Amino acid sequence: MAAAATGPVPFKDADDDGTLAAAEARSPLPKEEFGDLVAALPRKEQYLDGRLYEGFWLPEHYAPGIIAFRRRFTPRADDVVLASYPKCGTTWLKALAFAAMTRAAYPADEHPLLRLNPHDVIPFVEDVFTDGHEAKLDMLPSPRLINTHTPYQLLPESVVAGDGGGGCKVVYICRDPKDMVVSLYHFMRRLQPDLSLAGVVESVADGTVPFGPMWDHILGYWRASVSRPDRVLLLRYEDLLRDGAAGEHVRAMARFMGRPFSAAEEAAGAVASVVELCSFERMKALEVNRRGTAGSYKSMPRDAFFRKGVAGDWANHMSPETAARLDGIFREKFRGTGLTIVP
Ligand code: PAP
């Protein structure tokens with residue numbers, strides 16, 4: 001399928017005649033380019049081996065790709081970066097943002113989210129760079145939706161540049177760290193059945209969790225959302241889940257991304273259609289999300305991205321002592337900042 005003139009279009013649909021693939025095959029991969037740099041970084045062996053790079057534990061596999069992303073990514077003024085800490089609502093955010101931006105582009109029964117997993121529509125930029133597909137980003141029509149787990153502090157300077165210096169918009173989603181722990185535990189257990197919840201808790205507590213410390217990840221985006229609300233929008237998974245609230249956030253996100261819903265669209269129920277298309281029940285039930293794998297690294301079964309989709313599941317897995325310990329750590333890290341993610 002040829003790329004439409006106006007974006008965003010599904011990444012998977014771009015270059016499907018393989019024009020770029022041959023050229024890409026001749027370029028060196030980031031792991032060849034930055035392998036020595038990464039090999040010299042402190043290393044932590046765990047359920048996802050990490051390398052400590054400028055204060056964050058990057059998954060070893062992605063470290064060269066993230067360095068390439070930082071050095072080479074060329075943003076466009078109308079790009080929107082969808083950012084998240086892992087297991088905090090990434091899949092939902094991708095679906096909502098893409099559905100909101102493309103609400104007028106497809107007949108309801110032909111929407112790409114009905115045939116593609118959200119991770120195939122908007123892949124992680126870490127995967128894109130690691131696998132040498134960066135040229136494919138350049139061929140996507142504007143506006144593009146870019147997705148990342150990279151901390152705000154490590155985003156390319158070109159993305160976070162101040163007024164007059166370029167930069168683009170960023171939407172970040174965060175979640176109660178206790179529910180992130182439980183979600184990450186279940187996710188990683190699909191690959192490592194003997195992984196313990198205690199092991200994941202420890203990695204969060206000592207900051208070595210992939211893309212951690214989690215508190216610094218959240219604080220980076222939160223601070224940016226406070227100082228530059230026109231550029232960085234912060235969403236909370238729990239807020240989106242609240243009865244009837246998803247529409248209000250979709251509306252705000254569409255406005256922020258530069259495609260506000262018109263009065264006519266509002267009257268026609270366009271906001272509710274986006275929310276319904278991206279609802280947990282609808283997405284989980286789709287054939288494309290029940291079979292096959294997503295992402296090039298570790299090839300996660302697609303159904304692993306749709307587990308329970310609720311707030312507060314931590315109470316079914318964690319002792320009150322462990323919950324209090326995690327709450328205490330985050331409260332302490334956020335003290336004096338004004339940020340309250342922990343209830
Ligand atoms: P990722 O960062 O690896 O892409 P991410 O999508 O953030 O993962 O995490 C998946 C979580 O979002 C799962 O939470 P749980 O384990 O606590 O259930 C998943 O169920 C939830 N999720 C996925 N899609 C939706 C959706 N459409 N609505 C609400 N929650 C969702």
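The values are calculated or read from the model by the stated rules, or taken from the named source; none is laboratory data. Every value quoted in this text rests on a predicted model; they were computed, and no experiment measured them. FYI the Cβ positions are ideal-geometry reconstructions off the backbone, even for glycines, and counts take in every protein chain you see. All accessible areas refer to the heavy atoms of the entire protein, side chains included, with ligands and DNA or RNA removed. Shrake-Rupley method; radii C 1.70, N 1.55, O 1.52, S 1.80 Å.
A few remarks follow.
- R236 accessible area, 1.4 Å probe, all protein chains in place, Å² to nearest 10: 60 Å²
- In percent, rounded to a whole number, the relative contact order of region 46-334 is 25, using alpha-carbon pairs under 8 Å and six or more apart.
- Two-site label geometry, Y106 and E202: point separation in nm, points 7 Å out along Cα→Cβ: 4.4 nm
- Carbon and sulfur %, accessible surface of the chain computed with the full protein complex present, 1.4 Å: 53 percent
- In the chain, taking the dipole from charged Cβ atoms about the Cα centre, the farthest positive-side position among A135, L113, L29 is held by L113.
- When the inverse distances between all different Cα atoms of region 40-196 are averaged and flipped, the Kirkwood radius reads 17.0 angstrom.
- In the full protein context, region 46-334 carries 38 Å² of accessible surface per residue, based on a 1.4 Å probe and ignoring ligands, DNA and RNA.
- Counting only the Cα atoms, region 246-343 fills a convex hull of 190 Å³ per residue.
- Heavy-atom accessible area order for M101, M139, largest first, 1.4 Å probe: M139, M101
- Rough spin-label spacing in nm, given labels placed 7 Å along Cα→Cβ, for Y297 and R335: 3.4 nm
- Pairs from the table (K94/K308; K44/K136; K87/K178; K31/K87; K87/K284) lying more than 21 angstrom apart at Cα are K44/K136; K31/K87.
- DSSP finds beta bridges in the chain, and of those with both partners inside it, around 40 percent are antiparallel.
- The local environment of A100, defined by Cβ-Cβ distances under 12 Å, has a net charge of +4 under the rule Lys, Arg +1 and Asp, Glu -1.
- Net charge of the neighbourhood of L52, taken over other residues with C-beta under 15 Å away and scored Lys/Arg +1, Asp/Glu -1, is -3.
- Over the chain, the Kirkwood radius and the radius of gyration, each from Cα atoms, give a ratio Rg/Rh of 0.94.
- Solvent exposure of W222, expressed as accessible area, is near 40 Å², computed with a probe of 1.4 Å over the protein chains only.
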